[in-house]
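Peer 1: Have a look at this one.
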Amino acid sequence: MSGGAMTNPALAYHEYLGPAIFVPMTRVTLGAAKPKQGERVLDVACGTGIVTMQLPPLVGGTGKVVGLDINPAMLAVASAQTAPEGPQIEWVQASGEATGLPDASFDLVLCQHGLQFFPDREAGAREMRRVLDTGGRAVVACWQNLDRQTFFATLMRSIARHLNVTEARAAAPFTLGDADVLKSLLDGAGFERVEMQTHTIHTRFPQPEKFVRMSAGAGAAVMPEVYDGVDIEELVAKVIVDCKADLARYQVGDHLSFAMPTNLAIAYV
């Protein structure tokens, strides 16, 4: 991990959590989305661009790729990466609830583990529908509920206790984990048909205690208001004590390895 990642939560998120969680999840998301040559694709809540960067070669020179996120630190990491072959990615800082993009301007909208963070999820789902052209589709992935997770359940409950916030607030990544709720949300946004899938990825993190440290630090990138004024080192020390038994349980050699189930919706216009 680069030295900058130790002081930059967005870079920590990208360099440590990305390869173990979001890269394998990207393969699932794109396998369901099946981007085609010439398509116009919007990646909502793109974060550091892990999904977005895979899109230009898939849509080719006649396609279009836009990565949108509300967090400028995440976009700074995304835009600093070497551009892939294909159309130039347009990076847009905006809310997924009000993108400012034209009606019916995309063939495919992706949202990998972002919708659960929206203050107004209904508005976010409607916005995905609004920017899709006739015949378009949205692919939305959300982790299953915290009680369906393994090591992350222990980790998030510990973080919530030490931040003195509700479990739901600290565990925001897992708060849209009911497949029926996700489907209903997209149905209500005006999609003609919504198909649901279930997938499980298997993570593999080097240096287990570092995983706790980087997870706590990376939380500041996606939930900065929760972490405002928090001493990260003090938080990490307390969480490591709480997670000691599960660190041993899920350790394989010098790695931490556990399953993460997710729900994936494909919504058609």
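The values are calculated or read from the model by the stated rules, or taken from the named source; none is laboratory data. Since this is a predicted model, take the numbers as computed values, not measurements. Cβ placement follows ideal geometry from the backbone for every residue including glycine, while neighbour counts extend to all protein chains displayed. Accessible surface areas use protein heavy atoms only, side chains included; no ligands, DNA or RNA. Shrake-Rupley method; radii C 1.70, N 1.55, O 1.52, S 1.80 Å.
Peer 1: Quick one: in region 240-257, of everything that is open to solvent by less than 60 Å² (accessible area, probe 1.4 Å) and in a loop (DSSP other than H, G, I, E, B), which residue is nearest to residue 204 (Cα to Cα)?
Peer 2: The residue in question is 257.
Peer 1: Given the residues 92, 131, 140, which is the only one that is touching a helix residue (DSSP H, G or I) at 6+ places or on another chain (Cβ under 7 Å), β-branched (Val, Ile, Thr) and at pLDDT 95 or above?
Peer 2: Checking each option against the conditions leaves just 140.
Peer 1: With the structure loaded, tell me whether residue 77 is more than 26 Å from residue 195 (Cβ to Cβ) and either among the small types (Gly, Ala, Ser) or part of a helix (DSSP H, G or I) (or both) or whether it fails that test.
Peer 2: yes
Peer 1: Additional query: In this structure, does residue 182 turn out to be closer than 30 Å to residue 126 by Cβ, of a type outside the set (Asp, Glu) and part of a loop (DSSP other than H, G, I, E, B)?
Peer 2: no
Peer 1: Among the listed residues 238, 210, which satisfies the condition of being touching a His at 6+ places or on another chain (Cβ under 7 Å) and over 26 Å from residue 31 (Cα atoms)?
Peer 2: 238
Peer 1: Another question, if that's okay. Here are some residues: 268, 227. Which one is aromatic (Phe, Trp, Tyr), touching a Gly at 6+ places or on another chain (Cβ under 9 Å) and under 15 Å from residue 160 (Cα atoms)?
Peer 2: Within the list 268, 227, the selection yields 227.
Peer 1: Are there any pairs with C-beta distances below 8 angstrom linking a residue in region 214-235 that is over 14 Å from residue 8 (Cα atoms) and modelled with pLDDT of 75 or more to a residue that is open to solvent by 30 Å² or more (accessible area, probe 1.4 Å) and in a helix (DSSP H, G or I), with the two at least 6 apart or on different chains, and if so which?
Peer 2: Note: pairs meeting the criteria are 226/169; 235/162.
Peer 1: Taking the condition charged (D, E, K, R) and part of a helix (DSSP H, G or I), does residue 195 pass?
Peer 2: Considered against the rule, which asks whether it is charged (D, E, K, R) and part of a helix (DSSP H, G or I), residue 195 comes out as no.
Peer 1: As an exercise: evaluate residue 117 against (1) modelled with pLDDT under 95; (2) open to solvent by less than 20 Å² (accessible area, probe 1.4 Å); (3) not acidic (Asp, Glu) and give the number of the one condition it does not meet.
Peer 2: (2)
Peer 1: If I filter region 138-152 down to residues being in contact (Cβ under 8 Å) with a residue 40 or more places away in the chain and open to solvent by 20 Å² or more (accessible area, probe 1.4 Å), which single residue comes out as farthest from residue 36 (Cα to Cα)?
Peer 2: Ranking the candidates gives 150 first.
Peer 1: Separate question: With 55, 68 as the choices, which residue is open to solvent by less than 20 Å² (accessible area, probe 1.4 Å), in a helix (DSSP H, G or I) and under 21 Å from residue 139 (Cβ atoms)?
Peer 2: One residue alone meets the criteria, 55.
Peer 1: Something else about it: Does at least one position in region 4-15 carry a residue that is open to solvent by 40 Å² or more (accessible area, probe 1.4 Å), under 27 Å from residue 212 (Cβ atoms) and in a loop (DSSP other than H, G, I, E, B)?
Peer 2: yes
Peer 1: Considering each residue of region 221-239, count those that are open to solvent by less than 30 Å² (accessible area, probe 1.4 Å) and either in contact with a strand residue (DSSP E or B) (Cβ under 7 Å, 6 or more places away or on another chain) or not aromatic (Phe, Trp, Tyr) (or both), and give that number.
Peer 2: Counting residues in region 221-239 that are open to solvent by less than 30 Å² (accessible area, probe 1.4 Å) and either in contact with a strand residue (DSSP E or B) (Cβ under 7 Å, 6 or more places away or on another chain) or not aromatic (Phe, Trp, Tyr) (or both) gives 6.
Peer 1: How many residues, within region 167-179, are open to solvent by less than 30 Å² (accessible area, probe 1.4 Å), closer than 21 Å to residue 247 by Cα and either part of a helix (DSSP H, G or I) or of a type in the set (Val, Ile, Thr) (or both)?
Peer 2: Residues in region 167-179 being open to solvent by less than 30 Å² (accessible area, probe 1.4 Å), closer than 21 Å to residue 247 by Cα and either part of a helix (DSSP H, G or I) or of a type in the set (Val, Ile, Thr) (or both): 3 in total.
Peer 1: Those residues that are surrounded by fewer than 21 Cβ atoms within 10 Å (Cβ to Cβ) and out of contact with any Lys or Arg (no Cβ under 6 Å at 6 or more places or on another chain), I need them from region 155-166; list them, please.
Peer 2: 157, 160, 161, 163, 164, 165, 166
Peer 1: Testing residue 99 on (1) under 18 Å from residue 269 (Cβ atoms); (2) hydroxyl-bearing (Ser, Thr, Tyr); (3) open to solvent by 40 Å² or more (accessible area, probe 1.4 Å), one condition comes back false. Which one is that?
Peer 2: Tallying (1) under 18 Å from residue 269 (Cβ atoms); (2) hydroxyl-bearing (Ser, Thr, Tyr); (3) open to solvent by 40 Å² or more (accessible area, probe 1.4 Å), residue 99 fails exactly one: (3).
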